[in-house]
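Working notes, structure below.
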Amino acid sequence: MKRNAMGQARPWGHEEMLEVIEEKGAVGDELYAIIEHQPADTGDFAGWSAEVLTNEDGEQVFCTMGYERISELKEHLIAVGITDISGDVE
């Protein structure tokens, strides 16, 4: 899994998302995601990415890497129990 310069996880795929959720001690159904489409010049975040936060205090748990298809991103979020999804959703 990629991490930024500050060591924050940048998962791609439901297995990496689950790893970060467990690492942070969070629970999937207590999280929500905000999906945005990032321009091509944003490197690893280009395409569809999600910022995942806690319901309780809005603390960021992680931001995903960019996905080519929003449907695949949503499938991975749902697979780890994140069903509260908003933002640039189709």
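The values are calculated or read from the model by the stated rules, or taken from the named source; none is laboratory data. These numbers come from a predicted model, not from an experiment. So basically every Cβ, Gly included, is an ideal-geometry build from the backbone, and we count neighbours across all protein chains shown. Just the protein is used for accessible areas: all its heavy atoms, side chains included, with ligands, DNA and RNA removed. Shrake-Rupley method; radii C 1.70, N 1.55, O 1.52, S 1.80 Å.
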Return the pair list, or none, for Cβ contacts closer than 6 Å from residues in the stretch 45-58 that are under 14 Å from residue 12 (Cβ atoms) to residues that are assigned to a loop (DSSP other than H, G, I, E, B), at least 6 apart or on different chains. 45/66; 46/66; 47/66; 47/68; 49/64; 49/66; 50/64
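Please determine, by comparing only the residues of the stretch 67-86 that are farther than 18 Å from residue 22 by Cα and in contact with a His (Cβ under 9 Å, 6 or more places away or on another chain), which one is surrounded by the fewest Cβ atoms within 10 Å (Cβ to Cβ).
Among residues in the stretch 67-86 that are farther than 18 Å from residue 22 by Cα and in contact with a His (Cβ under 9 Å, 6 or more places away or on another chain), the one surrounded by the fewest Cβ atoms within 10 Å (Cβ to Cβ) is 75.
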Scan the stretch 1-35 for residues that are in a strand (DSSP E or B) and either at positive phi or crowded, with 16+ Cβ neighbours inside 10 Å (or both) and report the count. 7
What do you reckon, is residue 72 under 14 Å from residue 89 (Cα atoms) and either in contact (Cβ under 8 Å) with a residue 40 or more places away in the chain or not in a helix (DSSP H, G or I) (or both)? no
Taking the condition of being open to solvent by less than 40 Å² (accessible area, probe 1.4 Å) and over 12 Å from residue 35 (Cα atoms), how many residues in the stretch 47-61 meet it? 3
